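The values are calculated or read from the model by the stated rules, or taken from the named source; none is laboratory data. Computed from a predicted model, the values in this text were never measured in an experiment. Here the Cβ positions follow ideal geometry from the backbone for every residue, glycine too, while neighbour counts run over all protein chains shown.
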Amino acid sequence: MMKLGIKRGGDFVLTPERHQLILELLHNKTTVKLKELVEETQASDSTVRRDLDQLEQAGQLRRIHGGASLRQSASEEPSMSEKATVHYQDKSRIAAEAAKLVRDGDCIFLDAGTTTFEMIPHLRDKNLIVVTNGLSHLEALTEHHVPTYVVGGFVKQKTRAVIGSGAITNLEQYRFDKCFLGINGIHDEDGYTTPDPEEAAVKRTALALSLDRYVLGDASKFNEITFVKVADLAEATIITNHHDHIEHYRTKTQVKAVRP
């Protein structure tokens, strides 16, 4: 039986060879846009989309908005510096939308993470109190004159988040109008997940102590499942730039999708 393929420079490229080329590009760049894959393979949009679907089903990559990225281990977590430049524009738009929800007089929990970090410049002129477990947030909060309490506990070196039993005990003394959480995975069945059990416990505690709860996640976080469940989808409103197939998520929770 003849295998499907495409012509590239006069040579017939079989589907397995095209798949290999896609995976090689991903291993070199981690994240690749659909347009780039089309150019490199000289295949049509529909052919490349079908390739990506097949490779995702095989567990070799994950689809993201406008392309694909390498699938990470469920317990693997990038550092703050590694995450800071990934999907930066998307994170900035999500953060700006989230900051609009903060009102004068609010007491809010601002979770450690790169998307929540981008909220800080938008909080400058608001009369509020911030509690955070993100050590990376402190300098920016101080620079923008935002009154801030920092949670005490064990410092996680990779993400500079404060976690552990001490952090939870410290956190439990507060009550919040709103919390804004970063997250690693958003899935319609498995809810919100993160790689670290202790960091998950801090996020779970913040949710329980807040009247209004928000999870900030760019399109790459959707259909991802990491090691530890934080909460069901219904326990927080999602703020995202994700628009593809988002109606399915809206049957389970509120979704605020920012415009491109």
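Which members of the range 121-150 meet the condition of being in a loop (DSSP other than H, G, I, E, B) and under 15 Å from Gly182 (Cβ atoms)?
Within the range 121-150, just Asn133 meets the criteria.
Given the criteria surrounded by fewer than 20 Cβ atoms within 10 Å (Cβ to Cβ), closer than 28 Å to Gln57 by Cβ and modelled with pLDDT of 95 or more, does Lys256 qualify?
No, not satisfied.
Of (1) closer than 29 Å to Thr159 by Cβ; (2) out of contact with any Lys or Arg (no Cβ under 7 Å at 6 or more places or on another chain); (3) at pLDDT below 90, Lys91 satisfies all except one. Which?
Every listed condition holds for Lys91 apart from (3).
Which one of Leu70, Leu55 is under 15 Å from Arg18 (Cα atoms) and touching a helix residue (DSSP H, G or I) at 6+ places or on another chain (Cβ under 7 Å)?
Matching residue, one of Leu70, Leu55: Leu55.
Hey, can you tell me all the residues within the range 141-172 that are among the charged types (D, E, K, R) and surrounded by 13 or more Cβ atoms within 10 Å (Cβ to Cβ)?
Across the range 141-172, the qualifying residues are Lys156, Lys158, Arg160.
Grab the strands (runs of 3 or more DSSP E) fully contained in the range 202-260, keeping just those with 3 or more residues being within 20 Å of Val131 (Cα to Cα).
Once the strands (runs of 3 or more DSSP E) in the range 202-260 are filtered for at least 3 residues that are within 20 Å of Val131 (Cα to Cα), what remains is 210-216.
For (1) out of contact with any Ser or Thr (no Cβ under 7 Å at 6 or more places or on another chain); (2) of a type outside the set (Val, Ile, Thr), each residue gets a yes or a no:
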residue: Ile129; (1), (2): yes, no
residue: Asn133; (1), (2): yes, yes
residue: Ser136; (1), (2): yes, yes
residue: Pro147; (1), (2): yes, yes
residue: Val150; (1), (2): no, no
residue: Gly153; (1), (2): yes, yes
residue: Lys156; (1), (2): yes, yes
residue: Arg160; (1), (2): no, yes
residue: Ile163; (1), (2): yes, no
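Which one of these is of a type outside the set (S, T, N, Q), under 23 Å from Leu138 (Cβ atoms) and surrounded by fewer than 19 Cβ atoms within 10 Å (Cβ to Cβ): Asp177, Asp244, Asp188?
After applying the criteria, what remains is Asp177.
Is it true that some residue in the range 99-119 is buried (at least 24 other Cβ atoms within 10 Å of the Cβ), hydrophobic (A, V, I, L, M, F, W, C), assigned to a helix (DSSP H, G or I) and at pLDDT 95 or above?
Checked against the condition, which is being buried (at least 24 other Cβ atoms within 10 Å of the Cβ), hydrophobic (A, V, I, L, M, F, W, C), assigned to a helix (DSSP H, G or I) and at pLDDT 95 or above, the range 99-119 yields no hits at all.
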